[in-house]
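Reading through the structure tokens given below for one structure.
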Amino acid sequence: MQRVLAIFEMTVKKVKEPAFVLLFCIAALIGACVSEMDSLSFNQNSDMLYGLVSIENGHTLLSGFCIILFMTSIVAIFSGATDIPKDIRSRMIMLILTKPVTRIEYLIGKYLGVVVICVMFFFSAAITAAIVHFFRAGEIYSVSTIIRQLFLLLAVLPFAAMTMMISAYLSDVSAMIIAAIYLIFSVFISAMSVVVDMLPQSLGVGTIIHLISYFFPNFFFFFNSFNFAGIFIIALVLYSVSLSVIFLMITATRLTSRDMI
């Protein structure tokens, strides 16, 4: 565990670099700009959109935090897709692996570091949004509203793992491009799974589409309104964690067999 924490600390330290300082300033600016956006909700006349975000009555999501999540995903791409290729290119990984550090420990430490960087970015934007909202509206977000927005971070877990998985196979620039395409494709597949549910079951395409969509994080799941004590939140946590584990296992297999020279 101590070796994992050492890799984690080394990864998080890069937030001191000018590029990341600029990112956090951008996070604060984004938070200020989206602080007054409305809740992500639709009425029943909105058909599909209503079905996407209103599966269960409960706490709703603020539209501004959807934008914050999108920007956090970009940070995950920027950070997760460059760490492993950069260490391989600079031979830093060879120096690390000469220590009593296994490749699995290296991967776990890197992953935790990337996730924490994304969480820091998200919190920078969220805290700024809450402060600006207080000064503009004269009120603070309710505790339940804040907690609901924080559950968006569950979407970061599998996406960061997926980005690192791609970076284990490609160079940093290529990994960033593929990860960005993957993000767009995930949204497309998520929408397709909803459309398939509206088709007759006799077509027999539902099972295939849902199987494919499992491996492309369905971001619409994270946008739903739900109660904190409901079964939906348990399913959401299990979905996020299980998908993250699958991606990390694939990455671990690649790093174990890959020649680092």
Contacts under 8 angstrom Cβ, first residue in the stretch 166-181 being acidic (Asp, Glu), partner open to solvent by less than 70 Å² (accessible area, probe 1.4 Å), 6 or more apart: Asp172/Ala81; Asp172/Thr82; Asp172/Pro85
The lone exception for Glu139 - which of (1) surrounded by fewer than 18 Cβ atoms within 10 Å (Cβ to Cβ); (2) in contact with a Ser or Thr (Cβ under 9 Å, 6 or more places away or on another chain); (3) of a type in the set (D, E, K, R) it fails: (2)
What residue, among those in the stretch 224-261 that are of a type in the set (Phe, Trp, Tyr) and assigned to a helix (DSSP H, G or I), is farthest from the chain's Cα centre (by Cα)? Phe232
Looking at the stretch 1-55, what helices (runs of 4 or more DSSP H) fall wholly within it and have at least 2 residues that are more than 30 Å from Phe226 (Cα to Cα) and either open to solvent by 40 Å² or more (accessible area, probe 1.4 Å) or at pLDDT 75 or above (or both)? 2-12, 18-34
So which residues in the stretch 238-261 are of a type in the set (Gly, Ala, Ser) and under 26 Å from Phe221 (Cβ atoms)? Ser240, Ser242, Ser244, Ala252
So which residues in the stretch 58-72 are touching a helix residue (DSSP H, G or I) at 6+ places or on another chain (Cβ under 6 Å), closer than 22 Å to Thr163 by Cα and in contact (Cβ under 8 Å) with a residue 60 or more places away in the chain, if there are any at all? Phe65, Ile68, Leu69, Thr72
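The values are calculated or read from the model by the stated rules, or taken from the named source; none is laboratory data. Keep in mind that what you see is a predicted model, and the values were worked out from it rather than measured. Backbone-built Cβ (ideal geometry, glycine too); neighbour counts: all protein chains shown. Ligands, DNA and RNA are stripped out before the accessible areas are found, and what is left, the full protein with its side chains, is counted by its heavy atoms. Shrake-Rupley method; radii C 1.70, N 1.55, O 1.52, S 1.80 Å.
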